[in-house]
Amino acid sequence: MRSYKEVGSKTDKTWNYEAEQELEGKLVEKKVGVGRNLSKLYVIENERSGETTGVWGGAVLDSRFAQIKVGSFVKIIYKGQKENPKTGRTFND
């Protein structure tokens, strides 16, 4: 008899980049228009544990993930807040 794992749109947790500076795994899903802000959500699966982590998009991540296909292995490194020299606004890098 085969063993199956239930999949769906839920994630086991959401990435807290301030607590965990790095996240790596397999990109298993890209979601668009999620939540009240209609944001993008990227679902990363830990290769060892099988646990899935949701990563909320933003200007920097959305531009990078636009080039990455589902099924690819990714590593995200949080580099802190930076200031845009043109606008003076801060963003998460």
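Under the condition of being open to solvent by less than 40 Å² (accessible area, probe 1.4 Å) and of a type in the set (F, W, Y), which residue from the stretch 53-93 is farthest from the chain's Cα centre (by Cα)? Of everything passing the filter in the stretch 53-93, Y78 is farthest from the chain's Cα centre (by Cα). Scan the stretch 21-34 and report the pairs whose first residue is within 20 Å of D93 (Cβ to Cβ) and whose second residue is among the charged types (D, E, K, R), with Cβ atoms within less than 6 Å and a gap of 6+ or a chain change. Note: pairs meeting the criteria are E24/K75. If the condition is being touching a Ser or Thr at 6+ places or on another chain (Cβ under 9 Å), open to solvent by 50 Å² or more (accessible area, probe 1.4 Å) and hydrophobic (A, V, I, L, M, F, W, C), then the stretch 15-45 contributes V28, V32. Figure legend. Inter-residue proximity from the stretch 52-67: first residues within 13 Å of D93 (Cα to Cα), second residues among the basic types (K, R), beta-carbon distance below 7 Å, spacing 6+ or different chains. Indicated pairs: G57/K40; D62/K40.
The values are calculated or read from the model by the stated rules, or taken from the named source; none is laboratory data. None of these values were measured; they are calculated from a predicted model. We place every Cβ from the backbone using ideal geometry, glycine too, and count neighbours over all the protein chains shown. Accessible surface is based on the protein model in full, side chains and every heavy atom, while ligands, DNA and RNA are left aside. Shrake-Rupley method; radii C 1.70, N 1.55, O 1.52, S 1.80 Å.
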